[in-house]
Amino acid sequence: MGVIPTGSSVREEGKVHNSPLTLTMDIQDLYQEIILDHSRHPRNFGKPEGEFREAEGSNPSCGDSVRVFVKIGFPHQLIEDVHFLGRGCAICMASASLMTEVVRQKKVEEIKTLIENFQAFLTGKEKRNAEIPEELFPLKGVRQFPARVKCALLPWHALEKIIP
């Protein structure tokens, strides 16, 4: 899993972009495929067995609803396992699926920073050199549709309710 600071340069097929977030048509197509794949085949979907903390989030305006389950290991405050249940649009489901992959085996403090950075990333207010895991880049296009930002952030807000 790579992390790229949002203010960095990236070399792609011999071209240097001022930002790794500059999207070419090929990258946009790839990102669209990733979103559709995570939406149709969500990772870590389902209610897990055992003791998990859980929180729910819903967006009544569009009908999205997500419940996130997290197992936090002590004393290291590490996310040992994470799952979700929900119904919603492709953006919401893909965001939840990607989130479960990105936060697993991270410390709670790292997750708090990631949630803050991801929210800023989607609203176009990211801080210079804020680290965003590249697995989340497919959701960058959501910022062009402010009404859909809520869909992408819904699982993250549910996660935020769980972590101490």
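Among V68, V142, V149, a tally of other beta-carbon atoms within 10 Å of each Cβ gives an order, fewest to most, of V149, V142, V68. From least to most packed, judged by other beta carbons within 10 angstrom and beginning with the fewest, V108, V82 follow the order V108, V82. Listed cross-link partners K127/K161; K47/K161; K47/K125; K106/K140 are compared with a 27 Å cut-off, the Cα-Cα value being larger for K47/K125.
Bridgeable aspartates and glutamates around K107 (alpha carbons under 12 Å apart, same-chain partners fewer than 8 residues away excluded): E80, D81.
Please work out the Cα center distance from region 82-103 to region 49-64, rounded to the nearest Å. Each part's Cα centre sits 10 Å from the other's.
Just so you know, all these numbers are worked out from the coordinates, no wet-lab data involved. It should be emphasised that the depicted structure is a prediction, and the values quoted were computed from it without experimental measurement. Note that each Cβ is placed from the backbone with ideal geometry, even for glycine, and that neighbours are counted across all protein chains shown.
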